[in-house]
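K.L.:
Below: one structure in structure tokens.
The values are calculated or read from the model by the stated rules, or taken from the named source; none is laboratory data. Quick caveat: nothing in here was measured; it's all calculated off a predicted structure. Neighbour counts are summed over all protein chains in view; Cβ atoms, including those assigned to glycine, are modelled from backbone coordinates with ideal geometry. Accessible surface areas use protein heavy atoms only, side chains included; no ligands, DNA or RNA. Shrake-Rupley method; radii C 1.70, N 1.55, O 1.52, S 1.80 Å.
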Amino acid sequence: STLSNRFLGIMRVVIQRVGKASVRVDGEIVASISKGLLVFLGITHDDLIEDVSWLAKKTLGLRIFSDTNDVMNLSLLDVDGDMLVVSQFTLHALTKKGNRPSYIESAKPETALPLYRSFVEKCEKTLGKPVATGVFGAMMDVELHNDGPVTILIDSKNKV
């Protein structure tokens, strides 16, 4: 079992609860949200639509917003929050050897883009409103105000 084999087929998200967030491409704001979730999505070449469905449901159901007693007990759906999804292939960086990360486990665009779009569509359908996105494959400047801070990492391998 090699290190890289441990990472096969693991769709990954880093979720940050934000007061606001935005994405710029070439100096222009292409997406922005207020209170909600900034989701960095990393896709490997073995990921499946089942991973998308499970991860979207898990992300939207996370109870990481405070209720009236200041307890993290509410989901994005409960607070009618916004969502911004940014594709991030670097979430699958392998760093065991040397100091230059390897991205061989990250999906190529022809695999990643349809799964990325599917994730966004599933979230939009559940939220009942548009989900903001970065520009797939572009160099992006992401600005956020992390609320808490609250940052959660979820891998699709944890679904069982």
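K.L.:
Which one of Ile15, Gly98, Ile152 is farthest out on the positive end of the charge dipole of the range 2-155, using unit charges on Cβ (Lys, Arg +1; Asp, Glu -1) and the Cα centre as origin?
P.N.:
Toward the positive end, the furthest listed residue is Gly98.
K.L.:
Let me ask something else about it. Solvent-accessible area per residue for the chain at a 1.4 Å probe radius, Å²? Don't skip to the answer; put the middle values down first.
P.N.:
Values: 8940 Å² over 160 residues.
Value returned for the chain: 56 Å² of accessible area per residue.
K.L.:
Next question, about the same structure. From the helices alone, meaning DSSP H stretches of at least four residues, give me the mean residue ellipticity at 222 nm for the chain, per-run term -39500 (n - 2.57), in deg cm²/dmol to the nearest 500.
P.N.:
On the way: 3 runs with 36 residues, N = 160.
Calculated from helices alone, the mean residue ellipticity at 222 nm is -7000 deg cm²/dmol.
K.L.:
Taking one equal scatterer on every alpha-carbon of the range 87-160, how large is log10 of I(q)/I(0) by Debye at q = 0.15, 0.17, 0.22 1/Å?
P.N.:
Scattering profile of the range 87-160, log10 relative to I(0): -0.75, -0.97, -1.39.
K.L.:
Please turn the phi angles of the range 14-25 into ³J(HN,Hα) values with the Karplus equation 6.51 cos²θ - 1.76 cosθ + 1.60 (θ = phi - 60°), one per residue in order, whole Hz, x for glycine and proline.
P.N.:
Whole-Hz 3J(HN,Hα) from phi for the range 14-25: 10, 10, 10, 6, 10, x, 6, 7, 8, 10, 10, 10.
K.L.:
Still on this structure, I have one more. Residue-wise, which Karplus ³J(HN,Hα) couplings in Hz belong to the range 54-68, taking 6.51 cos²θ - 1.76 cosθ + 1.60, θ = phi - 60°, and x for glycine or proline?
P.N.:
Here the 3J(HN,Hα) series is 5, 5, 5, 4, 5, 4, 5, x, 4, 8, 10, 10, 6, 8, 5 Hz.
K.L.:
With +1 on the Cβ of every Lys and Arg and -1 on the Cβ of every Asp and Glu, and nothing else charged, how large is the dipole of the range 48-129 about its Cα centre, in debye rounded to the nearest 20?
P.N.:
Numbers: 11 positive and 11 negative charges, 99 e Å.
Here the range 48-129 has a charge dipole of around 480 debye.
K.L.:
Still on this structure, please answer the following. Which distance in Å, rounded to a whole number, links the C-alpha centroids of the range 105-160 and the range 83-101?
P.N.:
14 Å
K.L.:
Here's something else I'd like to know. With a 1.4 Å probe and every protein chain kept in, tell me what percent of the accessible surface of the chain is carbon plus sulfur. Could the numbers behind the result be given before it?
P.N.:
Details: 4510 of 8940 Å².
Ligands and nucleic acids excluded, carbon and sulfur reach 50 percent.
K.L.:
In what sequence, highest mean first, do 17-27, 94-104, 80-90 appear when ranked by Cβ atoms within 10 angstrom? Before the final figure, lay out the partial values.
P.N.:
On the way: 17-27: 17.9, 94-104: 10.4, 80-90: 20.4.
Sorting 17-27, 94-104, 80-90 by mean packing, highest first, produces 80-90, 17-27, 94-104.
K.L.:
Set Lys and Arg Cβ to +1 and Asp and Glu Cβ to -1, take the dipole of the range 33-115 about its Cα centre, and tell me which of Gly81, Ala112, Leu37 lies farthest positive.
P.N.:
With unit charges placed on the Cβ atoms, the residue in question is Ala112.
K.L.:
Over the alpha-carbon set of the range 4-99, work out the extent along each principal axis and list the three values in angstrom, largest first.
P.N.:
Its Cα atoms span 47, 34, 27 Å along the three principal axes.
K.L.:
From Cα coordinates alone, what are the radius of gyration and Dmax values for the chain in angstrom?
P.N.:
In order Rg, Dmax, the Cα atoms of the chain give 15.6, 48 Å.
K.L.:
Net charge near Lys35, counting Lys/Arg +1 and Asp/Glu -1 over other residues with Cβ under 14 Å of its Cβ?
P.N.:
Details: positive: Arg17, Lys20, Lys129; negative: Asp78, Asp80, Asp82, Asp147.
Residues close to Lys35 contribute a combined charge of -1.
K.L.:
Can you tell me the dipole magnitude for the range 1-141 around its Cα centre, using point charges on the Cβ only (Lys, Arg +1; Asp, Glu -1), in Debye to the nearest 20?
P.N.:
Here the size comes out at about 380 debye.
K.L.:
Round to the nearest 10 and give me the degree value, 0 to 90, for the angle of helix 109-127's Cα axis relative to the longest principal axis of the chain.
P.N.:
With both axes taken from Cα atoms, the answer is about 20 degrees.
K.L.:
Further question: Residue by residue, what Karplus-based ³J(HN,Hα) values in Hz, rounded to whole numbers, does the range 43-52 have, using 6.51, -1.76 and 1.60 with θ = phi - 60° and x for Gly and Pro?
P.N.:
So the J values, rounded to whole Hz, are 10, 9, 5, 9, 5, 10, 4, 4, 5, 4.
K.L.:
Would you list, by chain and number, the lysines whose Cα falls below 24 Å from the Cα of Lys20, excluding same-chain residues fewer than 8 positions away?
P.N.:
Straight-distance partners of Lys20: Lys35, Lys57, Lys58, Lys122, Lys125, Lys129.
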